[in-house]
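Every number in this text was worked out from the coordinates using simple rules, so none of it is lab data. All figures in this text were calculated on a predicted structure; none of them were measured in a lab. Cβ atoms come from the backbone with ideal geometry, glycine included; neighbour counts cover every protein chain shown.
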Amino acid sequence: MSRYVALGSSMAAGPGIKPSAPGAPFGSGRSARNYAHLVAEQLGLDLADVTFSGATTANLLTERQRNAPPQIEALDGSETLVTITIGGNDVGYVPLLMGAALPALLRKLPSIRELLDHGARDTALHRVGDALSAVGTAVRRRAPRARVMFVDYLTLLPPPGVAAPPLSTEQADLGRFVAERLEEATAAAAQATGCELVRAGQASREHHAWSPDPWTVGAGWPLPWRPAPFHPNAAGMRAAADLILRQITAV
């Protein structure tokens with residue numbers, strides 16, 4: 001059976017999408033119905049899903065997360081498929097949106113004000129391209145026989161001019177700016193490192209969290225029995241899996 005390794009953060013793990021993956025580490029948010037599990041099921045692949053909520057590019061390459069080793073250590077060279085969804089935590093994308101959705105009094109806290117600072121996001125975005133390229137290079141080196149696919153983030157926010165309560169127009173604009181730059185950096189890293197790109201963001205423009213047919217969840221309190229705010233829902237995971245499957249079978 002061909003081996004498939006899924007790497008990434010919560011956008012790949014699927015926190016709150018039931019049921020949880022068997023044996024998933026505490027806090028990983030790893031769903032048995034995330035896109036990796038759906039793809040592996042459809043193609044009959046032997047899946048090693050090491051996605052972990054809160055993961056950064058450093059957790060993928062060099063740093064432990066809780067008790068989990070760097071995700072890249074799951075690669076042994078036998079893989080035929082590797083998917084990667086990473087980078088949002090490096091630039092504070094979802095924390096920015098979570099902070100923006102808080103009541104005005106809480107947004108005055110220094111830690112939240114830093115999240116909402118455009119300059120701080122600019123600095124992080126300037127660095128993430130190199131970090132994503134390092135991920136692509138390292139994965140290609142560790143899994144030389146695999147198809148390596150960066151899967152970018154599903155669209156969370158509506159287009160400019162469409163309200164996204166409780167986010168203000170300014171906060172939503174900053175969120176869109178971060179999402180656009182992250183999408184561009186992911187595409188550039190895929191091209192620079194010889195990896196494929198699955199354009200989940202582009203495919204989901206009309207399925208943002210405020211749309212009639214959302215693939216992601218909007219603002220709200222994190223509750224263990226439902227998909228996490230500002231993350232994919234079950235429909236979004238199915239859509240991402242379908243995009244991956246179409247790209248695999250098209251070649």
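Quick check on residue 47: is it free of Cβ contacts under 8 Å to residues at least 60 places away in the same chain, in contact with a strand residue (DSSP E or B) (Cβ under 7 Å, 6 or more places away or on another chain) and either surrounded by 17 or more Cβ atoms within 10 Å (Cβ to Cβ) or not aromatic (Phe, Trp, Tyr) (or both)? In short, yes.
Residues that are more than 15 Å from residue 244 (Cα to Cα), hydroxyl-bearing (Ser, Thr, Tyr) and within 14 Å of the chain's Cα centre (by Cα) within segment 182-214 comprise just one, 186.
Do we have residue 55 as surrounded by 21 or more Cβ atoms within 10 Å (Cβ to Cβ), without any contact (Cβ under 8 Å) to a residue 40 or more places away in the chain and either in a loop (DSSP other than H, G, I, E, B) or in contact with a Phe, Trp or Tyr (Cβ under 9 Å, 6 or more places away or on another chain) (or both) here? Show your work before the answer.
Numbers: surrounded by 21 or more Cβ atoms within 10 Å (Cβ to Cβ): yes; without any contact (Cβ under 8 Å) to a residue 40 or more places away in the chain: no; either in a loop (DSSP other than H, G, I, E, B) or in contact with a Phe, Trp or Tyr (Cβ under 9 Å, 6 or more places away or on another chain) (or both): yes.
Taking the combined requirement at face value, the residue does not satisfy it.
With the structure loaded, tell me whether residue 187 is out of contact with any helix residue (DSSP H, G or I) (no Cβ under 6 Å at 6 or more places or on another chain) and either in a loop (DSSP other than H, G, I, E, B) or of a type in the set (Phe, Trp, Tyr) (or both) or whether it fails that test. It is false that residue 187 is out of contact with any helix residue (DSSP H, G or I) (no Cβ under 6 Å at 6 or more places or on another chain) and either in a loop (DSSP other than H, G, I, E, B) or of a type in the set (Phe, Trp, Tyr) (or both).
When the residues of segment 1-21 are filtered to those that are among the hydrophobic types (A, V, I, L, M, F, W, C) and without any contact (Cβ under 8 Å) to a residue 60 or more places away in the chain, which remaining residue is nearest to residue 65 (Cα to Cα)? Full working, then the answer.
The first filter runs over segment 1-21 and keeps only residues among the hydrophobic types (A, V, I, L, M, F, W, C), leaving 1, 5-7, 11-13, 17, 21.
With without any contact (Cβ under 8 Å) to a residue 60 or more places away in the chain added as a condition, the list becomes 1, 13, 21.
Values: 1: 29, 13: 14, 21: 18 Å.
The extreme case among them is 13.
Among the residues making up segment 1-45, those that are farther than 17 Å from residue 200 by Cβ, more than 19 Å from the chain's Cα centre (by Cα) and in a helix (DSSP H, G or I) are 41, 43.
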